[in-house]
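Reading through the structure tokens given below for one structure.
What follows is calculated from the coordinates using simple rules that are stated; it is not laboratory data. These numbers come from a predicted model, not from an experiment. Cβ: placed from backbone, ideal geometry, glycine included. Neighbour counts: every protein chain shown.
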Amino acid sequence: MYSEKVMDHFTNPRNMGSMENPDGKAQVGNPTCGDIMEIAIKVEENKIKDIRFKTFGCGAAVATSSMVTEMAKGKTLEEAEQLTNKTVAEALDGLPPVKMHCSNLAADALHKAIQDYREKQTKKG
């Protein structure tokens, strides 16, 4: 049912955990399935220098969170904003159709963390 990449990111998640004083942070959830994801980012010179996630949910939710952090780390904010539910799922060699909503959450959480960062920068301005 799940690809080897999904199972790898589920059993060995990358960038999991909390971050002290993130530059941007967001939490998203899907009430239908109960998955909740939180992503925190540190930004330096318009690039995502560090990224962490905490996820409560199914194996696909953990795997997509892990994969989106891997894909976003080191990228500019604009490059990271180009990541979509589809690109995350493709990077994991696909997800079962019933689990596609999980990859939507990972990309949404990343986009909202970037938005949070930008809003904080505007207030500083």
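What to note about this one:
- Globularity index of the stretch 1-120 is 0.96 (Cα radius of gyration / 2.2 N^0.38 Å, N = number of residues).
- Total lysine pairs in the chain at Cα distances under 14 Å, for residues eight or more apart or on different chains: 15.
- Computed over the chain, relative contact order equals 31 percent, with contacts defined as Cα pairs under 8 Å that lie 6+ residues apart.
- Expected 222 nm ellipticity per residue - DSSP helices of 4 or more, -39500 (n - 2.57), all of the chain, to 500: -14500 deg cm²/dmol
- Using a Förster distance of 35 Å, the FRET efficiency for residue 118-residue 87 (Cβ separation, nearest 0.05): 0.95
- Fully extending the segment from residue 4 to residue 54 would add 15.8 nm, taking 0.36 nm per residue of separation and subtracting the current Cα-Cα distance.
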